[in-house]
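Everything below concerns the one structure shown next.
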Amino acid sequence: MTTSMRGDVKDISLAPRGKGRIEWAAKEMPVLRLIRERFTQDQPLKGVRMSGCLHITTETANLAITLKAGGADLNLCASNPLSTQDDVAAALISEYGIPTFAIKGEDEQTYYRHINAVLDHKPNMTMDDGCDLVSTLHTTRTELIPSIVGGMEETTTGVIRLRSMERDGVLRFPVLAVNESDTKHLFDNRYGTGQSSIDAIIRSTNILLAGRTIVVLGYGWCGRGVASRAHGMGANVIVTEVDPVRALEAVMDGYRVMPGIEAAEVGDIFITVTGDVNVIDRPHLERMKNGAIIANSGHFNDEINIPALEALSVKKRRIRDFVDEYTYADGRQVHLLAEGRLVNLSAAEGHPASVMDMSFANQALGAEYMLIHASEMQSRVYTLPAALDKEIARLKLRAMGVRIDTLTPEQDKYLNSWESGT
Ligand SMILES: NC(=O)c1ccc[n+]([C@@H]2O[C@H](COP(=O)([O-])OP(=O)(O)OC[C@H]3O[C@@H](n4cnc5c(N)ncnc54)[C@H](O)[C@@H]3O)[C@@H](O)[C@H]2O)c1
C-alpha cells in the first residue's frame with residue numbers, strides 16, 4: 001500500500017499503466033471531451049471543492065479530469081470496496097494530481113476511512129454512486145453540511161436512498177439524480193450493465209453461455225440489458241419480477257417468467273439486478289442445482305443472502321479469481337462470483353467508456369447546473385432539465401456520425417394544435 005498526503009492507493013508505480021488505459025477510454029468519450037474543451041475555457045467550476053465517491057475506473061478518471069479542467073478542486077474515493085482499478089487510482093494521483101483514496105479489496109473500515117478522507121476536503125459539492133457519501137455526511141459529519149451547495153447521485157439505489165431521506169425530511173441539500181436522465185439509465189443501466197455483467201461472468205468463469213439457463217432477477221433497466229445480452233449469447237433466459245407490468249413486458253419480450261423459488265431449481269446461472277435485499281434467500285439457495293453460479297450486478301452485496309449461503313455450506317474455497325465454491329452437506333456445490341459484489345465492476349472493468357460518456361456528461365453538466373441554480377433549489381431530489389438530456393443525446397449522435405430529421409414548421413404547428421382531427 002502506498003500512502004501519501006494526497007491519497008491512499010495500492011501501488012503508485014502502477015500509474016503509467018493506468019494512464020494508458022485512461023487515455024484509451026477517452027477515445028470513446030467524445031461528449032465528455034467536448035464538455036472538457038468548453039470547461040477549460042469557461043472555468044464554470046472555478047474554486048469549487050468537490051468530493052466524489054464513485055467507482056474508480058478509467059471512465060471516472062476522465063470525468064475527474066474534466067471537472068478539474070473546469071476549475072474544480074476534486075478529491076475521490078471508491079463507491080465500492082471491490083470496484084477500484086488500482087492502476088487508475090495511482091494515475092489519478094501521480095499523473096493528474098487528483099487526490100484519490102481507493103484500494104481494490106479494501107475492508108469496510110478502510111472504505112469508510114477513505115470516505116471520511118474525501119470529506120476532510122470540506123466539499124462544497126458531492127458526487128455519489130450509491131449515497132454512501134451523502135449518508136455519512138448526514139450521520140457522522142453533519143458539521144460539513146452548511147458549506148455544501150448540492151450534490152449529484154449516479155445510480156438507482158442511491159436515488160432510492162435519497163428519496164427516502166427526502167421523505168423523512170432529513171436531506172439537507174439539493175441533489176441531482178443523474179440516474180433519472182434518459183441519456184443515463186436508458187444506456188448505462190441497460191447496455192452498460194447488460195454487456196459488462198455478461199463480460200464479468202465470462203471472464204471469471206470462462207463457461208459457455210449457449211444452452212445454459214440464465215435467471216435474471218429483476219427486469220428493470222439493468223435486468224432488461226442483462227436478459228437481452230444473455231439471450232444473444234444463446235442462453236435460455238428466465239426472468240423473475242415483483243412488478244406485474246415489468247413481468248408482462250418480460251413475457252412479451254419472449255422470456256419465461258416465474259417465481260424466484262421455481263427458477264432456483266432450474267437455473268444454471270443467476271444474476272440479481274433488483275436493488276432489493278435477499279432476492280436470493282435461503283430457500284432459493286437450498287433448491288439450487290449442483291454447479292449453480294450466482295452473481296449480483298445490483299449496487300449492494302445484499303441481494304444474495306450470503307450469510308445463509310455460508311450457513312448452508314460445510315466447505316468454502318476460492319477455486320479461481322472471483323469464484324468462491326461453496327459445498328453443501330449433501331455434496332452439492334454452488335458458486336458465488338465476486339463475493340456477491342457488483343460483478344461487472346469487481347470481476348471485469350465495469351461499463352464500456354462509450355456509455356459512461358453520456359452518464360458522466362450528465363455528471364459534468366449537472367455540476368455546472370447545480371452551481372448556477374442551487375440557490376433556487378430546496379433540499380430535495382431533482383432531475384436534470386430535459387433540454388440538457390436532449391443536448392447530450394444530440395452531441396452523442398453527432399460524435400457517432402448519425403444525423404436525424406427535424407420537424408418541419410407544418411409538423412411543429414400540427415403537433416402543437418388540437419383543432420385538426422378526423
Ligand atoms: N452493475 C452496475 O454497474 C449498475 C449500473 C446501474 C445500476 N445498478 C444497480 O442495479 C440495481 C437495479 O437498477 P435498475 O436501474 O435496473 O433499477 P430498476 O428500478 O429499473 O429495476 C429494478 C427491478 O427489480 C425489481 N425487483 C425488486 N425486488 C424484486 C424481487 N424481490 N424479485 C424480483 N424483482 C424485483 C423491481 O420491480 C424492478 O423492476 C440498482 O441497485 C442499481 O443501483 C448497477
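The values are calculated or read from the model by the stated rules, or taken from the named source; none is laboratory data. Note that the structure is predicted; figures quoted are calculated from it, not measured. Cβ: placed from backbone, ideal geometry, glycine included. Neighbour counts: every protein chain shown. The accessibility values were calculated without ligands, DNA or RNA, using every heavy atom of the protein model including side chains. Shrake-Rupley method; radii C 1.70, N 1.55, O 1.52, S 1.80 Å.
Evaluate region 170-189: report whether one residue or more is farther than 30 Å from residue 379 by Cβ and not polar (S, T, N, Q).
no
If we scan region 321-337, do we find a residue that is within 30 Å of residue 270 (Cα to Cα), open to solvent by 80 Å² or more (accessible area, probe 1.4 Å) and touching a helix residue (DSSP H, G or I) at 6+ places or on another chain (Cβ under 9 Å)?
Step one: filter region 321-337 for residues within 30 Å of residue 270 (Cα to Cα), giving 321-337.
Checking which are open to solvent by 80 Å² or more (accessible area, probe 1.4 Å) leaves us with 321, 329-330.
Next cut, touching a helix residue (DSSP H, G or I) at 6+ places or on another chain (Cβ under 9 Å) only: 321, 329.
Scanning region 321-337, I find at least one residue that is within 30 Å of residue 270 (Cα to Cα), open to solvent by 80 Å² or more (accessible area, probe 1.4 Å) and touching a helix residue (DSSP H, G or I) at 6+ places or on another chain (Cβ under 9 Å), so the answer is yes.
Any residue in region 240-260 that is among the β-branched types (Val, Ile, Thr) and open to solvent by less than 20 Å² (accessible area, probe 1.4 Å)?
Yes, because at least one residue in region 240-260 is among the β-branched types (Val, Ile, Thr) and open to solvent by less than 20 Å² (accessible area, probe 1.4 Å).
Please state which of the following conditions residue 281 fails to meet, knowing it meets all the rest: (1) among the acidic types (Asp, Glu); (2) open to solvent by 40 Å² or more (accessible area, probe 1.4 Å); (3) within 16 Å of residue 205 (Cβ to Cβ).
Unmet condition: (3).
Out of 158, 151, 130, report the one residue that is small (Gly, Ala, Ser) and at positive phi.
Details: 158 fails: at positive phi; 151 fails: at positive phi.
Selected residue: 130, the only one of 158, 151, 130 that is small (Gly, Ala, Ser) and at positive phi.
Can you tell me which residue in region 146-198 is nearest to residue 83 (Cα to Cα), limited to those that are outside any helix (DSSP H, G or I), β-branched (Val, Ile, Thr) and within 16 Å of the ligand (Cβ to nearest atom)? First the steps, then the outcome.
Our first condition is that a residue be outside any helix (DSSP H, G or I); within region 146-198, this holds for 148-155, 168-177, 181.
Filter once more, so that each one left must be β-branched (Val, Ile, Thr): 148-149, 155, 170, 175.
Next cut, within 16 Å of the ligand (Cβ to nearest atom) only: 155, 175.
On the way: 155: 15, 175: 24 Å.
My answer is 155.
Could you please find all residues in region 199-216 being surrounded by fewer than 15 Cβ atoms within 10 Å (Cβ to Cβ) and either of a type in the set (S, T, N, Q) or part of a strand (DSSP E or B) (or both)?
206
What pairs come up if the first residue lies in region 174-189 and is farther than 24 Å from residue 372 by Cβ, the second is more than 11 Å from the ligand (Cβ to nearest atom) and assigned to a helix (DSSP H, G or I), and their beta carbons are under 6 Å apart, counting only those six or more places apart or on different chains?
Pairs that qualify, where the first residue is farther than 24 Å from residue 372 by Cβ and the partner is more than 11 Å from the ligand (Cβ to nearest atom) and assigned to a helix (DSSP H, G or I), are 187/358.
On the basis of being touching a Pro at 6+ places or on another chain (Cβ under 7 Å) and surrounded by 23 or more Cβ atoms within 10 Å (Cβ to Cβ), does residue 272 make the cut? Talk me through it step by step, then tell me what you get.
Details: touching a Pro at 6+ places or on another chain (Cβ under 7 Å): no; surrounded by 23 or more Cβ atoms within 10 Å (Cβ to Cβ): yes.
Taking the combined requirement at face value, the residue does not satisfy it.
Exactly one of (1) on the phi > 0 side of the Ramachandran plot; (2) touching a residue at least 24 places away in the same chain (Cβ under 8 Å); (3) surrounded by fewer than 24 Cβ atoms within 10 Å (Cβ to Cβ) is unmet by residue 135. Its number?
Residue 135 satisfies every listed condition except (1).
Can you tell me which residues in region 217-228 are more than 18 Å from residue 351 (Cα to Cα) and not in a loop (DSSP other than H, G, I, E, B)?
Of the residues in region 217-228, the ones more than 18 Å from residue 351 (Cα to Cα) are 217-219.
Once the filter is applied, which keeps residues that are more than 18 Å from residue 351 (Cα to Cα) and not in a loop (DSSP other than H, G, I, E, B), region 217-228 yields only 217.
As an exercise: evaluate residue 247 against (1) closer than 24 Å to residue 323 by Cα; (2) within 11 Å of the ligand (Cβ to nearest atom); (3) among the small types (Gly, Ala, Ser); (4) free of Cβ contacts under 8 Å to residues at least 60 places away in the same chain and give the number of the one condition it does not meet.
(1)
Filter region 49-88 for residues that are small (Gly, Ala, Ser) and within 15 Å of residue 129 (Cβ to Cβ) and give the result. If you could, list the steps in order and put the result at the bottom.
From region 49-88, those small (Gly, Ala, Ser) are 51-52, 61, 64, 69-72, 78-79, 83; that's our starting set.
51, 52, 61, 64, 78, 79, 83, listed by residue number.
Among the residues of region 121-145, how many are of a type in the set (S, T, N, Q), under 18 Å from residue 377 (Cβ atoms) and in a helix (DSSP H, G or I)? Even if it seems obvious, please write down each step before you answer.
Filtering region 121-145 for residues of a type in the set (S, T, N, Q) gives 124, 126, 135-136, 139-140, 142.
Narrowing the set further to residues that are under 18 Å from residue 377 (Cβ atoms) leaves 124, 126.
Retained after the next criterion (residues that are in a helix (DSSP H, G or I)): none.
Residues that pass the stated criteria total 0.
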